[in-house]
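For reference, the structure discussed in these notes is given below.
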Amino acid sequence: MHKTSKNKLFAIEDAGFSEKETAVYLATLEVGRGSVMEIAKLAKLDRTTTYRILQRFLSIPLVQVFKEGKKTKWAALHPRYLMDYVQKKKRIIQELFPDLEALYNLNEEKPKLAYFEGEEGLGQVTENMVKEVKVRGEVLSFSAPGAASGYYTTRKFLQLAGERAKKQIMSKI
């Protein structure tokens, strides 16, 4: 597979495709029109796995199929179709978001307990505090003395403190 294609692998996987699906998609783009066997070889997968993935891509649609005599050839549609597919998935989630949020809020009155560890955990708990706690909410936390020193830049600390103050979130450490 082409080097620049390998660099794009993770971005396509982040869009919701498995490693094998990504390999088949990139191989199909690269081969132009090719048989399942040609695409499988380039993707470094077996023929049956490649065929199943191509069938799925046909239903999305990300590929098209051609008959050339007795042979069946596959070709990727323009990458714009991939963009359309990802945007469609995003729109669906956006439409569902109010319902998902309502389900999440059903449990809002129950206290939540979370365990965070290390500097990344400290960042996560602070971000969660600003994003999830309601106006005039309260957060109780336990940490070792000086655990936060040096983690945040002054600018980031002041930004988070300002957001917390706006929402009137009480914090007890």
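The Cα trace of region 3-81 gives Rg and Dmax of 11.7, 38 Å, the first to one decimal, the second as a whole number.
For the pair LYS131 and ARG80 in one chain, pulling the backbone fully straight at 0.36 nm per residue adds 15.0 nm over the alpha carbon distance.
Farthest toward the positive end of the dipole of region 3-81, out of THR50, ALA11, VAL36, is the Cα of VAL36, where the dipole comes from beta carbon charges about the Cα centre. Between LYS70 and ARG33, the distance separating the two model label sites (each 7 Å from Cα on the Cα→Cβ line) works out to 1.9 nm.
Computed from backbone phi, the HN-Hα couplings of region 92-98 come to 4, 5, 4, 5, 7, 3, x Hz, rounded to whole numbers (Karplus: 6.51 cos²θ - 1.76 cosθ + 1.60, θ = phi - 60°; Gly and Pro given as x).
Could you give the length gained on full extension between GLN94 and ALA161, defined as 0.36 nm per residue of separation minus the Cα-Cα distance, in nm? Don't skip to the answer; put the middle values down first.
On the way: separation 67, 0.36 × 67 = 24.12 nm, distance 2.92 nm.
In short, 21.2 nm is gained.
The phi torsions of region 33-44, fed into the Karplus equation with coefficients 6.51, -1.76 and 1.60 and a -60° offset, translate into couplings of 9, x, 6, 4, 5, 5, 5, 4, 4, 5, 7, 6 Hz, rounded to whole numbers, with Gly and Pro shown as x.
None of the figures in this text is laboratory data; all of them are computed from the coordinates on show. Remember, it's a predicted structure, so these values are computed and weren't measured experimentally. Note that each Cβ is placed from the backbone with ideal geometry, even for glycine, and that neighbours are counted across all protein chains shown.
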